[in-house]
Amino acid sequence: MEPVARVRAQTPETGSPTRIALRRLRRDPTALLCAGTVLFFVLVAVFAPLLAALAGQDPLTHHFELIDDGTSLPLVGMTPEHWFGVEPRLGRDLFARWAFGARPSLLVAAVATTVSTLVGVTVGLVAGFVGGRVDRVLSWLVDLVLSLPYLLFAIATPATLMAVVGLTPDDAEPSVVSEIRFYSLIIVLSTFGWAGLARLIRGEVLSLREREFIAAARVLGVPTRRVLTRELLPNLVAPIVVSVSMALPGYVVAEAGLTFLGVGLTEPTPSWGVTIASAVSAYESVPHYLWIPVLSVTALVLALSLLGDAVRDAFDPKTRR
Amino acid sequence: MKRWKRTVAVVAAAALGTAGCGVRTPPSATPQASAPSDIDIQTNSIDPDATGPAREVPGARQGGVLTVYGQNPPDTFDPTDIYFVDSNEIGKLLFRTPTQFDVRAGKPVLVPDLTDVGKVSDDKLTWTFTFKGGRYEDGNDIRVEDLAYAIKRSFAHDIYRNGPTYQLTYFKDGKKYKGPYRDGEDYAGVQTRGDKLIIKLDKPFADLPFYLSFPMFTPIPKASDSKQEYKNRPLATGPYRFESFTPGSELNLTRNPNWAPETDPVRHQYVDGWRFRWGADPVKTQKQVLASNGEDANAVDYANVDASVLAEATGARSAQLVKGDSPCSIGVQIDSRKVPLAVRRAIAKAYPYDQVRKASGLTDVSAERSSTILPPSVPGFARYTPVEDLDGTGTGDPEGARALLREADAEGFALSWYYDNQQPLTQQVSQVRADALEQAGFTVKPIGVSSAELRAKKSDYDAPVNMGQSPGGWCSDWPTGGSWFPVLFRTQSIGEGQSWGMLGEKKLDKKINKLAKLPAEESEEKWAALDEEIMKKYVFLPHYYDKTAIVAGSNVGGCEADPTMGMPFLPTMFLKK
């Protein structure tokens, strides 16, 4: 990769691994472009209400006057009032729905990544470092989770969760159902996401704990917790960052995919997956209805993935000479 | 004809939560693809003198195999058990019945088939049909006793659960007789004498000759009656017979050499065989048929055309779009037991017809706005000046409705209905309706239920809802008011689970009973007057008359709408080359 070559030509880098990595990232145009794209979507999500207000629209208001009586298709395309046009049948503003739709994607991905990373790292650290019976139990748990059928759980969890909170499909409002689906997405993605990372971290820890600096710390009587957080964790930053950078785009896709399949978010919550699912049938008549959310998901996932690649390269000691 | 709804997916009807009988299908391909803007009125005419052979269809030729695509496979071909539009239409190729419908200039005309169209006694309780003869596919002669046996067989409703049930209500001792398997063949309601088939009734049933066009009345020789097995290999009397049948996916028919064209005034035997294929994605098959590449030029798809396919059926291809009527009327009912008249008026005043229509994704091709109970395809239909606020159009008048509510001292009246909370479309439609009614000062509580439960919930008349119960639409069993009003608006309709508005008015019952006794020609106009009278009770918010539109391959000829089924009329179809 071009930037790496440039780095190589320079004098050996100094500073903590994180500092070095950041410095390298700043010099990587791909990484910067991707970071910019991700930042753009994050800002869109954060300021969705502002953006919608700027356009003078909101994601839930129907504009039936813009819908053709004979075909139920929109009468308008992209207009100064409706920047992305309106939805067929219901006439909801597509720009507002797009802006608000970025929220669940990013939120689900961010929360699921955070949770699965925290759990995965903790379990991996403990299992790898403590060893013995604890390791066996935790490893068994990891194997169990990895062997569970992910899709089946994704489909079953919303219903189970409804029952847990004491709701039947009979008395649940669509908005409540959608909220429950939101949490169930996070739960499912987090539940299935931590195990891989935990196994990875455990392996790293197993090799690290035999090193001299760990032995030294132990001999000096440093408490286990401190050994874990101060000695081991900093050496695990690279695998963790890599794992996160791969998990984020994966969860964005998973959210959109599960929603498209009908087990994710539901109406009336604006979400790209929901929009894509309903836009498929209207593709011939209103192509941009489908294209905008599809391109957005693609751009976001691509940017996150490439950014992840760059981050991994930046943290990789082998490219650091 | 409520049960027919399963036949074909009725997206729009389901969207309204109506799902009455969602028949949909299409018709008429001929070049007179004129503007089917308004649904034509079926003339309830009977032509007792029609004789075979059927008049030739212009341009028709022999040969070829026609492919028919459908979405949901019929679950039975036992003639006694058939109550779906698609299997009923296919039955027209297989089963000759005492009477049958011809389609003349788009209108159904009842004509003789195996018997004449019948004579009724002075007390209206005994019908006599004269048998004309015919042969089964195995070459054996049909006996008039076989006709009688088939009718008796239909009383074994515990075995043939899905079939129509008018005979249980109208025929003599219909409630007591349980069919030949349990009660033997000695049944007072159906007798034979020489070449006469005699049907005795408990109460007058003027529409009986129409009823006798159902596949249920096709002859079945007792010796061949394999009960539950019969549905997989029924004995044919029509121009085609089973070649092979794979339940759930495909059916192949081949020519029946023992069908005698000279005795059949309607059916033809133009193609060599039929291939019915079920289960493929309808949008996909419709696009194939429209493109008409290779074998698909010889195909039709009987599911109502999808909007995305419709957009492609322009220019030269528009001739492949076969449009026509269906016998259905769709809307939302209000429970008159729980909602007083003044409040019902307010609901109608506030009702967002336009928004609901758009949110349901209805198109002019699939649905014509309605303002009556009867659809235009029923003779006697009159497009009278719509009752105020029951015109199926408009965005609702919340202020006016609020005023009406205040007048009735019922502000905040609670309204509740079931909707399918697993389908985005039905959720959205329910929401649109709720918004409008809430704006008018109602307290609105839609109850979401799963798709699987929806039908049962809506059919429960004791459920805690006061709007939108089942049926949300109805289809003619035959084209007279007699298959509508007696079924839907009598007190007993509530007990039978097929009521619109849960009306329990003795006076109305009497009126309907009286009209039901009249011969079809005399009752036509009176049904229409009754239509308006019932509409004024504000128990039914009319949405649309179902219409049908299907695609036919470029090589398919003679494809016309069967307005009694809302399907393509199979007996006249042929391949152009």
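Every number here is computed from the coordinates shown, using simple stated rules; none is lab data. Keep in mind the model is a prediction, meaning the values are calculated, not measured. When we count neighbours, we look across all protein chains shown, and the Cβ atoms used for this are built from the backbone with ideal geometry, even at glycine.
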For the protein assembly as shown, share of DSSP beta bridges that run antiparallel, in % to the nearest 5: 75 percent
Bridge type composition, chain B - antiparallel percent by DSSP, nearest 5: 75 percent
Equivalent-ellipsoid semi-axes of the range B:457-577, from the Cα gyration tensor, Å, largest first: 34, 19, 12
Size of electric dipole in chain B: Cβ of Lys, Arg +1 and of Asp, Glu -1, about Cα centre, debye, nearest 20: 700 debye
Listed residues A:V227, A:V252, A:V126, most fluctuating in chain A (Gaussian network, C-alpha, under 10 Å): A:V227
Chain B: relative contact order as a whole-number percent, Cα under 8 Å and 6+ apart: 26 percent
Candidates A:I186, A:I20, A:I276, ranked by Gaussian network fluctuation over chain A, Cα under 10 Å, top entry: A:I20
Distance between the range B:126-171 and the range A:109-153 - C-alpha centres, whole angstrom: 69 Å
The protein assembly as shown, helix-only ellipticity at 222 nm - DSSP H runs n ≥ 4, -39,500 (n - 2.57), divided by all residues, nearest 500: -12500 deg cm²/dmol
At least 18 Å along the helix axis (C-alpha) and Kyte average at least -0.5, DSSP helices within chain A: A:29-46, A:94-130, A:132-147, A:150-164, A:174-208, A:237-261, A:287-315
The range A:106-319 - percent relative contact order, Cα under 8 Å, separation 6 or more: 27 percent
Cα shape, chain B, gyration tensor, a/c 1.5 rule: oblate
Cα gyration tensor shape for chain A, rounded if a/c is under 1.5, else prolate or oblate: oblate
Translational diffusion coefficient (Stokes-Einstein; Kirkwood radius from C-alpha pairs) of the range A:27-97 at 10 °C, 1.306 mPa s, in µm²/s: 117 µm²/s
Links that overshoot a 31 Å alpha carbon limit, given the list B:K349/B:K506; B:K287/B:K547; B:K107/B:K349: B:K107/B:K349
For the range A:40-76 versus the range B:440-507, the gap between their alpha-carbon centres in whole angstrom: 37 Å
Whether the range B:100-219 is rounded, prolate or oblate, judged on the alpha carbon gyration tensor where a/c under 1.5 counts as rounded: rounded
Net charge, B:P73 excluded, C-beta distance under 10 Å - Lys, Arg +1, Asp, Glu -1: -2
Distant alpha-carbon pairs in the protein assembly as shown (separation over 43 angstrom), percent: 44 percent
Whole-number percent relative contact order across the range B:209-260, with pairs defined as alpha carbons under 8 Å at least 6 apart: 26 percent
Distance from the range B:192-221 to the range A:270-297 (C-alpha centre basis), Å: 55 Å
Within the range A:106-319: Cβ-based charge dipole about Cα centre, in debye rounded to nearest 20 (Lys, Arg +1; Asp, Glu -1): 1100 debye
Dipole-positive endmost among B:Y461, B:M573, B:T285 within chain B (Cβ charges, Cα centre): B:Y461
Only Lys, Arg (+1) and Asp, Glu (-1) charged, at Cβ; the range B:100-219 dipole about Cα centre in debye: 340 debye
Cα-only radius of gyration and Dmax that characterise the range A:217-321, units Å: 21.0, 73
